[in-house]
Structures are given as C-alpha cells and as structure tokens.
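**Student:** Quick one: this structure, given as structure tokens, is what I'll be asking you about.
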Amino acid sequence: MKLKKRKLLIDQHDKYGMWGGKFGGNFVPETLKKPIYDLEILFSKLRNNQKFLAERDKYFKDWVGAPTRFIKLNNLSNHIGGAQIWSKVVSDANGGAHKIYNASVHCLLAKEAGKKFIVGDTGAGYAGKMLSMAAKKFGLKCKIFMGAKDIKRQRPNVVAIKKNGAEVIPVYTGSQTLVDAVSECMRYWVANCDTTAMCVGSTVGPNIFVKICGWSTSQISRELIVQIKDKFGSIPKRLKLYNCVGGGSSSYGFWSEFIRYDKRQVELIGVEAGGPIKSKKHAAPLTYDSKIGVLHGAMQYVNQDKIGQIDETESISAGLDYPGVSPLHCFLKDLKRARYTAASDEQALNAYKLVTKFENLRPSLEPSHAFAVALNEAKGLSKNTIVVVNSCGDAIKDKNILKARLGKNYDKLY
Amino acid sequence: MINYINLAFKKSKKEKRPLLLTYTVAGDSTKQKSLEILRSISKYADICELGFPHNTPIADGGQIQTSAYRAIKNGIKTSDVFKIVKDFKKDKFSTPIILMGYYNLIYQFGENNFLNECKKSGVNGIIVVDLPWPENKKFALKCKRRNICFVQLISPTTSYDRAKKIIKDSHDMIYYISMLSTTGAKLKVSPSEIYKNYSKLKNINPKKNYVVGFGITEKSIKKLNFADGLVVGSAICKEITKSLKYRQNAVTNVSRIVMNLKKLIS
C-alpha cells in the first residue's frame, strides 16, 4: 500500500473500487449496479469536459461564493500563545457549509443525465439544506431523508429545507440518525433509480459517491493552497491542517491538494466525535480502532459488535454522528499520512466558547471538535508553526443545542 | 454428492408447477419460534430461505426490517442461525435451506469459517444481497468447492450482456428480482412484463433454474406461475408481525398462508 504523489487520492483505487485493496468498493444490491455504472461513465466524461468545468466554476464563484476567506485568528493566537492560528472560513459559502459543493455537482450531473428527481440523506441537515438549495436552483424535485432524532435537534436546517420546496422524509428506524437516513435513502434509490438521482451527503457509500463528493469538496483546498502561497510566499515549513471527520467530506476537501506533501511539512489532523465524556458510545471509528466492515456499500473502519451489527453512536454533533468513515480516511490512516484523534462533546463546547469569545467567528459543533484539538495542541508549538482549522459550518443550526448546554446568552459570550 | 436444490426443482417440474420458496428471518420472533415456523412451513415449501438479520439493510422494505429488528433485539447471533439450520435438518434433511443476508456478517464471521459452518449444519445455498457479480466470484467459487449453491441475483436494471456473464458464472439457481423495489412492495410491473424479462434470461441458458421474487403475495402468485420457482418473503414476515400484535399463534397462521400459496400454484 503506497501513496501515489501525482494522482488524486480519489483515483487511487483498483478495478473493484477499493483503496489499498481493502477500503471502499461497491457492496451494493444488483439493482444498483447499472445506475452506479451509468454515473461512473457520466462523471468520468464530464470531469474532463472543459464546458462542464467552466459551468461548475461559474456556479462555485457566483452562486456558492468562491473563494471563502482565509483569515488569521489574532486574538485567539495571542491568547493561546503558541502557533499562529488561522482559519479557512468555509462556512462563508452560500448556505453556511461545505456541503454546497457536493450538492451542486450532483445536481449538475443529474441535470446532464436528464433526471428530474434527486434524493439525499442528511445528518446535521446541511447536506439536506444544500441539496434542496441546489435542486431548486437547477429545477429538480427533491426529497431529503433525515433521522427523526436529527429532525428534532437540527430544526433550523429542517425549516430551511422545507422553505426550499423539498420534502423531508423522517426516518424512524434504528437510532434515528444519519446512519439510518443513509440506509433509507439507498433503499429509496433501489426502488426508484430509473427516474431519480441520488446524492450521498459525504465521502461515503459506493465508490463513485466517494469520488464525486471528494472531487467536489476539493474546491476548498484548491482555494486554500493559493491563499496560503499568497500569504506566506510558499508552503510554510510547518503547516498543520485540522479538520473534523464524520463521513469525511470536508476534511478530504480541505486536505486534497496537500496530501502529496511530506507529512513533516504538512501534517493532516482529523478530529472525530468522541461523544459525551461519560458515555461509552462515540462516533470515532478511526481513533478507537474499530474493526473493518461493510457499511452503506463500502469497506471501512466502522463501529460494530462482534458479529457485524452496526453500533449506535452518540455525539452532540449530528454531522459527525456516524458509525463509519470514508474509505479515503481509512486509507490515509493506514498509510499514516493523516493522524486521527477525537474530541468529546464537552471539549467541543468549550472550544466553541473560546473561539466565539475571542473571534468574530461562530463555528458549528462539527468544526468546534477540530478547534478543540487544534487549540490544545497549538499551545505547545512554536510561533512559526501555522495551524489552520477548517471552519466548515456555521453554528446557527445549533442554536437550540447551544442554548440548552451553554445558557440563553450562549452567543453573547463575547 | 446429492444436490438437494436440483432435486427440488426436478420434483416440482415433474409436478408441472413452480417451486415454492419461502423466506423467514432466523430468530423471528425468537430462536425457538423461528425453528417451529420453519418446520411447519416446510410441509408446503419446497425450499426455505432463512435470513440472517442485519441492522443496516439497504435492500429490504418495512416488513422484513421489522422481522430483522425483532430477531436482533432477541439476541440472534450468526452461530444461532447455524444452530437453527442444524436442528431443522435433523428431521427434514432433504428440504433445502438457503441462507440469505448481507456480506458484513459473513465477513466478520470469516468467509471460510462461515462456509464451513454452513457445510456442517447442512446449508444448501447462499444469497448475499450486497455482494454482486463480479465482486462475488471468489466467494462463489469457495461455495462451489463445498457443494453449496451461490445464488446470483439479476434485476430489471441488469443489461443483457451482463446477465449473460452472470448466468455463465452461476450455479444451479438464479434469482430474478421482479421489479425496481425493496422487498415487500406492491407488484408495480405487470406479470406479462416480468414474463418477457424472465424469458430473455431463460433463453440465455434454459438448463438453469430461475426463481422470481419481490412483490409476490397470495394475490399475485398465480399470475407468475411460468417461473421455475417463486419466492414469498415479506407477506410471511407481515403475518408474523400481525400474529404477534393480535396474540395469535404465528406458527399456524404462517403455515396457513404458505399452504394456500402452494395450493394456488399447484
């Protein structure tokens, strides 16, 4: 197993769609083989088509709002007193999170394929919100599958999805969170794949969905590498890129251009959801060495019991509350190219408090996990180390949780 | 070595009727109950499919999901599934048992371990919902070496060329999915269209046995009696759920349905 420097990570799989011969693949019912094959053909054609790329870039620039800001967090850096802390404010993107990139590309593909309907899953509600936005923009009818528990805790995004004219389908099976939403969405696609396109909300699922999502979110690092060279003249000698990891779409997108660098120069740190301190449940399969298994069509490290039933997870952050993780991250872990660790619910909340106290930035609970680890590690680092945290979502969707956990004045802390 | 699946097809062909396959979930509603149900319906069913339940199924509809969750809640483990088959086979050795489920449970048990246990307990065939061709080639070969039939699936979305390749690599039995759907939905295509697709497959290799499944109930089964075999699953799982709800005897209720299904195609 080796990393190829000149090839994108999303393309480093074998003919069975497996990375490193052990992660990813297409463990799907026969019915989905054909629609997946059609999507593979369409995507491989369009990703090299100049007209399609120009269209994508136009939407990213004019509609999504590229590039998102790359800013230094001066107050926070001074307070911590170690490395320089920067942030890529991906939550600047239209809709408030990175999910817009994948949603836009899937809608563009669906349009090219002549599909009139698109369905998608969502946890935190951002993937659903963005898909409903993009579907509206491109004139597609849209259904969003969402766990009943997530519908309750991410109300603001549910309202937004409905406002965009999409239907929200509550999922009551299992733990009523993202894992069940993805299963239900796939089942729906099995029954309707002749008329309907499916968007998997992260770099998970059958091989092609991992690829399309990774290709789409890579916009983040394409912008970042230019911004970094612009600010520092070249890639700094010590650069550390922190990102939360649930399914892994924002982190892959944030790291994509930097994977080819030596890890002593550019370190990649993925932060998973450790769950409540007092709970044994978590959503951190990479950190806690979960076994390899199949979830949603792909081999990956996944929380499961001895016989292979998928475990229930627990995290304050709906977007990270997933028992598996992208095969891309499993591959990066095994290659030791990225380092994975976890932050607890409480650590994420504290990081949220700290960031909002010192900076005019409101990271949602997902990137707050990344901030928790970044701020903690930055203390012990030298001033010429550049720490960059991807603030990939806006906290507005979390207002009910934050109010409940931090009190009424949670957003007036600073 | 006697091939009981082939024998079952020969018998039903002699009787000029499709073979009847039932699907129940191992451990639904308890281990003992599912064994009793299996024993009772095997009076009428020619082949019994036994599901090993998984909690993130991506191709099952509501009825089978409910059965699966019930079984998992009652603590069913992969080893229990083999125990049920073994107990069943003690007095019904010639009724073929086909295990059906998702790949992760096989993977966690270990492919070779799983197949050895199959052999020991008397399993005759295996269907793995999420291990399509060509990914399943190696596993299918392992099955063949142990005289276990690996059942390939073909769906309405499968292209003709692909179907030819799948059939070439198939063993004695092929499972044709009647429509684009999860299990247990209403039959949304006409029997004549299913017949058309079925005949295309049958013509590729008439020697193979083709069974049709998905959407088959007491209502629709008669119209599909052109097939070599017909699978009924969700209708049975639904009856178990109903029996539990009204505190009735699931064993007798389910048997009555299976008896009726058999009558309808005889």
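**Student:** Just the number: Rg to Rh for the range B:72-143, Cα atoms, Kirkwood Rh, two decimals.
**Tutor:** 0.97
**Student:** Cα centroid distance between the range A:268-296 and the range B:37-103, in Å?
**Tutor:** 32 Å
**Student:** Of the accessible area of the range B:1-146, with the probe set at 1.4 angstrom, what percent is carbon plus sulfur?
**Tutor:** Details: 2990 of 5690 Å².
Of the solvent-accessible surface of the range B:1-146, carbon and sulfur hold 53 percent.
**Student:** Chains A and B: buried accessible surface, both sides, probe 1.4 Å, rounded to 100 Å²?
**Tutor:** 2900 Å²
**Student:** Other chains near B:56-66: what is the mean number of their Cβ atoms within 10 Å of each residue's Cβ?
**Tutor:** Rounded to a whole number, the mean comes out at 6.
**Student:** State log₁₀ I(q)/I(0) for the range B:201-259 at q = 0.19 Å⁻¹ as given by the Debye formula over alpha-carbon point scatterers of equal weight, solvent excluded.
**Tutor:** -0.73
**Student:** Which order do the peptides B:7-16, B:65-74 come out in when sorted by mean C-beta neighbours inside 10 angstrom, highest first?
**Tutor:** B:65-74, B:7-16
**Student:** For every other residue with a beta carbon closer than 14 angstrom to the beta carbon of A:GLY25, add +1 if it is Lys or Arg and -1 if Asp or Glu, then tell me the sum.
**Tutor:** +2
**Student:** For the range A:15-64 and the range A:358-389, what is the centre-to-centre distance using only Cα atoms, to the nearest Å?
**Tutor:** The range A:15-64 and the range A:358-389 have Cα centres spaced 33 Å from each other.
**Student:** Here's another thing I want to ask about it. What net charge do the residues around A:ALA370 carry, taking every other residue with its C-beta under 12 Å from that of A:ALA370, with Lys and Arg at +1 and Asp and Glu at -1?
**Tutor:** -1
**Student:** Starting from the Cα-Cα distance between B:TYR246 and B:GLU218, subtract it from 0.36 nm times their residue separation and give me the gain in nm to one decimal.
**Tutor:** Here the answer is 8.0 nm.
**Student:** Continuing with the same structure: At a threshold of 8 angstrom on Cα-Cα distance, excluding pairs fewer than six apart, so keeping six or more, what relative contact order does the range B:4-265 reach in percent?
**Tutor:** Here the relative contact order equals 23 percent.
**Student:** Once you put a point 7 Å from the Cα of B:ASN253 and another 7 Å from the Cα of A:GLN265, both along the Cβ direction, what distance in nm separates them?
**Tutor:** Placing both labels 7 Å along Cα→Cβ, they lie 6.9 nm apart.
**Student:** Could I ask something else about it? How crowded by other chains is A:30-40, given as the mean number of beta carbons from other chains within 10 Å of each beta carbon?
**Tutor:** Taking all residues of A:30-40 together, the mean is 6.
**Student:** Right, something else. Of B:LYS222, B:LYS207, B:LYS119, which is the most mobile in a GNM of chain B whose springs link Cα atoms less than 10 angstrom apart?
**Tutor:** Taking springs between Cα atoms under 10 Å, the residue moving most is B:LYS207.
**Student:** Quick one: which of A:98-106, A:49-57, B:41-49 comes out on top by average Cβ neighbours within 10 Å, and what's the full order, highest first?
**Tutor:** A:98-106, B:41-49, A:49-57
**Student:** Which value, in Å², gives the accessible area per residue of the range B:193-266 when a 1.4 Å probe is used on the protein heavy atoms? It would help to have the intermediate numbers written out before the result.
**Tutor:** Values: 3680 Å² over 74 residues.
With the other protein chains kept in place, the range B:193-266 gives 50 Å² per residue.
**Student:** Rounded to a whole number, what is D in µm²/s for the range B:168-266 from Stokes-Einstein with the Kirkwood radius over alpha-carbon pairs (25 °C, 0.890 mPa s)?
**Tutor:** Approximately 169 µm²/s, per Stokes-Einstein.
**Student:** Okay, moving on. Contact order normalised by length for chain A, with contacts defined as Cα pairs under 8 Å and 6 or more residues apart; what percent is it?
**Tutor:** About 20 percent, as a whole number.
**Student:** What is the diffusion coefficient of the range B:4-265 in µm²/s, taking the Kirkwood radius over Cα pairs and the Stokes-Einstein relation at 4 °C with a viscosity of 1.567 mPa s? Before the final figure, lay out each step's value.
**Tutor:** Details: Rh = 18.2 Å.
Calculated translational D: 71 µm²/s.
**Student:** Moving on to the next point. On the principal axes of its Cα set, how long, how wide and how thick is the protein assembly as shown? Give whole Å, largest value first.
**Tutor:** Principal extents (largest minus smallest coordinate, Cα): 85, 52, 46 Å.
The values are calculated or read from the model by the stated rules, or taken from the named source; none is laboratory data. For clarity, every value in this text was computed on a predicted model and none was experimentally measured. Note: ideal-geometry Cβ built from the backbone for every residue, glycine included; neighbour counts use all protein chains shown. Accessible surface areas use protein heavy atoms only, side chains included; no ligands, DNA or RNA. Shrake-Rupley method; radii C 1.70, N 1.55, O 1.52, S 1.80 Å.
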